[in-house]
1. How much of the DSSP beta bridge set in the protein assembly as shown is antiparallel, as a percent to the nearest 5?
2. Pop out the Kirkwood hydrodynamic radius of the protein assembly as shown from its pairwise C-alpha distances, inverse of mean 1/r, in Å to one decimal.
3. On C-alpha positions alone, give me the angle between the axis of helix A:107-125 and the longest principal axis of chain A, in degrees, nearest 10.
4. Between B:Gln188, B:Gln56, B:Gln143, where does the largest GNM mean-square fluctuation fall for chain B, given springs only between Cα atoms within less than 10 Å?
5. What shape does the range A:341-460 have by the C-alpha gyration tensor, where a ≥ b ≥ c are the square roots of the eigenvalues, rounded means a/c under 1.5, and otherwise prolate means a/b greater than b/c and oblate the rest?
6. Take the cross-link list C:Lys67/C:Lys169; C:Lys197/C:Lys234; A:Lys149/A:Lys202 and give me the ones stretching past 27 Å between alpha-carbons.
7. Between B:Val210 and B:Thr183, what is the label-point separation in nm under the 7 Å Cα-to-beta-carbon projection?
8. Could you name the aspartates and glutamates whose alpha carbon sits less than 17 Å from that of A:Lys266, not counting residues in the same chain fewer than 8 places away?
Amino acid sequence: MRNRLLLGAFLAALALGPLVLPEFTITLLNYIGLYAMVALGLVLLTGVGGLTSFGQAAFVGIGAYTTAYLTTVHGVSPWLTLPAALAITAAVALFLGFITLRMGGHYLPLGTIAWGISLYFLFGNVDFLGGYTGITGIPALSLLGLEVKSGREFYYLIWAMLLLLVLTTRNLLDSREGRAIRALKGGSLMAEAMGVNTPRAKIIVFTVAALYACLSGWLYAHLQRFVNPTPFSLSQGIEFLFMVVVGGAGHVWGAILGAGVITILKQWLQDWLPRLLGQSGNFEVIVFGLLMILVLHRAREGLWPLLLRLFPAQATRPRVAEAEPLARRTLPDNGSVLLEVNNATKRFGGLVANDDMSLTVRAGEVMALIGPNGAGKTTMFNAISGISPVSSGEVRFLGERVEGLTARDIARRGMSRTFQHVRLLPAMSVLENVAIGAHLRGRRNFLHAACRTERKEEACLLHEAALQIERCGLAEHMYEAAGSLPLGKQRIVEIARALAADPCLLLLDEPAAGLRYLEKKALGELLRRLRHEGMGILLVEHDMDFVMGLADRVVVMEFGQKLAEGLPEEVQRNPAVLEAYLGGVDEHDGY
Amino acid sequence: MDLQIVLLLGQDGITSGAIYALLALALVLVFAVTRVIFIPQGEFVAFGALTLSSLQAGKLPGTLWLLIGLGAAVAFADISWALRHHKMRRVPLILFYNCGVPILLAGYLLAVSPATLPQPVQVALTLAMVVPIGAMIYRLAYQPIAEASVLMLLIVSVAVHVALIGLGLLFFGAEGSRTTPFTDMSFQIGDAVLQGQTVLVVVASLVLIVALYFYFERTIYGKALRATAMNRTGARLMGISANLAGRLSFMLAALIGAFSGVLIAPITTIYYDSGFLIGLKGFVGAIIGGLASYPIAAAGAILVGLLESFSSFYASAFKEVIVFTLIIPVLLWRSLTSRHVEEEE
Amino acid sequence: MATELGENPVAPVVLDVRDLSVSYGKVEALRGINLSIRKGEIVTVIGPNGAGKTTLLSALMGLLPAKGDISYLGEHQGTDRQVEHLVRHGMTLVPERRELFGEMSVEDNLLLGAFDRYRAGHRDHLETMDQVYDIFPRLLERREQMAGTLSGGERQMLAMGRALVAKPKLLMLDEPSLGLAPLIIKEIFRTIAALTKTGVAILLVEQNARAALHVSDRAYVLETGEISLEGPSKELARDPRVIESYLGLGHRH
């Protein structure tokens, strides 16, 4: 409630500001608004998506130059140049994204540095764009027949658009694809296993960020009525990034805060530093550089979270409403073969991690895969689920060969998994984490999300997530941050997330590790219930009490090969298994 | 275009290519050892060139004050660390290296008139001032967050770059300068003239590359750096600390940068901000090598030099556009050939 | 008291650990661990997968923060133990993943084992490397070969050799038998047994309980982060509870 009041007060101050503030302040606020738009895109890209760009100023330049050129040379109406500018920006962003985003995270920023420099020199050297002198005489915008000419009029336009962008960004992040985007930072592998197309999600955030920058540039051109290459140089691109880091890369309001702080500080430093140093020049960059290093050392999340600490927020996590249940997959008949691995071999260089492995899992059974450390169990799991495909041999799922498919295509076919090292997004609520599991059960994309036309589907997805959380006995933790749960419970969240995908085969990698006795008992109950419902379960586990009490059949691996297979009792009595576990050194022989 | 022009452009291209190759090697080294994408590499080129030219003009270079300031900051950081860990014995050594040596250097420069010193002494003084700055920057800006993500370290690099550019302007002003050539010899090959200074740049670069090769292949410290790049945990278990490796690699990067600056200072006018573009061209070479392969990075850098020199002949205004657009097909090729799903830290 | 069970109660204690605990975030991976090792002694920690054996070694080596009292060579150690400091004082770890320098020759890998001693001014690395070649003649044959191209057994030998070049006072081995064929395991364990003649204390973490109990003087059984059994290895080798902790034969459902 108090935060709503604060927001209301902020909006009211924004609305009333121009009535009392001097012209100079209005101009400053206009620039802050324009910079904040670019910074907002970078929040999405850097703070949320874990990527970054130094070339945002170049996208601003595309917005400004497109409208400058089209309106002055071809007399096109400014409102028509906006879609043109956005289209050009999107094309460039998609191309740059395509060539850099499939590689390591640092290729995008390096690519954008090169792109920022190239475009700056291009603007400066192309005759029809006016070279370094630029283009003058850009017409004013007209809105509903009124010319938007003065700074005060523009102020309302800029800030209305900025607030609209803030709203859409928040909507976008609070959705199915928004969760996928938020998973990019530190959760790509998990997201892929849940069926998220992570390269696509990366390209989306990069393009959206570029479009925000382009809009800012378009507005800038009509505010200034004149463009030249200087404001679109790489150093401006770097300054945008500074705004985001200082303001708080993880928060939409951080963009506005950062734009404000850096812009005002710059104004002030440009006045004072040359006087202090007795020379003229852009010495503010020294302060900015040191400030950045300080912020990154001492307050990596930026200033906004520090500000939030003064006004502790009440939890406003999404609540689950009643919604129609999602359609369920019809499970295959009990006893029918779900998964069949035939002669699978996996090599890493010269090392053979899986050697001619075969196993089957049927609907309605729990199959346990056991073996000493380094026997190749997790490798087998990764091969089955498509994270690291086999070198030779075949994997059949529901009769279809899947060894060449990507993790997300296999997930789509009804296989879902958990990870040995828990892969949750610690800052997100349990509900949202589990909802990522239901990713493939929704269809609406980020555009629907931005305009909130996917609320019905979103409600269904969250409802489904809530159902799975309750099923796993975690209802009381639904709205807590996943990272705040003890490890045992986090493992159960992983299972709930896998179940939200509505699988017919569940792959569980050490689900009982780190669980207490009662938690293990509850997990055993849950798995028995799932088995009873007809789910097939493949389980890697070290806790032998747990495995032997639960599994229908057991496969024992050693040195990447199958050592034994059979009922739990048979396997426990098998001398080869005993040797594999306790070591095979013959004591009579001196070793 | 006749042969003479081709030779002239080729000569130019190889000269700058040799410098870019040196920088590319430094970038690959720093990235492999510390995961830092060292954007400020180019600033060391500019600082090397401008420090030498200040000395030749008989002025005290601003880099000296930077060295003293950073040294004091490092001493402060290290001594407060030593106090917290009850390692008081280290304090005299910390003070000597970080404060004593810079002050001795300053005292020497004040006592003599630097402009009258022989050129090799001027070069040695330049390196003595610029090279420690590399290690100090590592200590202050990177070491406290050495475990951060590549992205975070990259942002720090950009911040360091920006701060150094500002300091460069403060120290050396906006005017560019050149230094006295090391040699005024020239050779006649057919119709073309081969400048002695150009030969010197290429030969000196080669010598430095060979020296680096021996350092990495034959000395235990060089091997320790390579080991850190290959396996950080393994190296730590051998007692090769990440801090030591970081400081060493940054010092080498600063040495390579300053040395490159000294080499090109007589043939190009260097401004306080010239280093950035020079460094980035080294980067294009390093990226061609995937930030991992030294020979491919060096070859890529020479290609960049040639491309630059020929495009400055054909379309001089678009020289930078052409060089930096080269990165696009390289990235495209790398992207299409890599089938790697990366998990971000 | 564990120390009273040692083979040679007069030899000085190299490592003494009291009430050690290690947490990953909110999860306690190790609780209330007490153990000690004397000079020339082989002590083994056995236990099933996931019991916390590797965590224990990482914590002792300063790779993970830990709580509790650790004294090494009679010196009480503070909370932020640093790997580099421990290496300087003769503590070495041969990790489970070996962590070799794959694109360097066997010889260079061994040389780097002497890095810290070299830095401290010692120049005896060539002799110690020769001694390692005596222990593992196979490494001498492979001297010029890149470490990344070695077989599993040779990698383990190189990892151990690299640790020995550092002239350790405490050698910690994490699963030296992992993934190796039985014949090679024999060879490795024979070497471990022979090493004690040099006076080095060995802390051996193993899943291969039989071999580990056979080679060691004393043993601790680690189960879900706690020490459940301890005693002379010969006694533990006959204790049915050891087998139980591995295969879960105690509980039938």
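The values are calculated or read from the model by the stated rules, or taken from the named source; none is laboratory data. These numbers come from a predicted model, not from an experiment. Here the Cβ positions follow ideal geometry from the backbone for every residue, glycine too, while neighbour counts run over all protein chains shown. To get the accessible areas, we keep the full protein, side chains included, count just its heavy atoms, and leave off ligands, DNA and RNA. Shrake-Rupley method; radii C 1.70, N 1.55, O 1.52, S 1.80 Å.
1. 60 percent
2. 33.2 Å
3. Rounded to the nearest ten degrees, it is 20.
4. B:Gln188
5. Note, shape of the range A:341-460 comes out prolate.
6. Cα-Cα > 27 Å for A:Lys149/A:Lys202; rest within.
7. Distance between the two pseudo-spin positions: 1.4 nm.
8. Cross-link targets: A:Glu239, A:Glu284.
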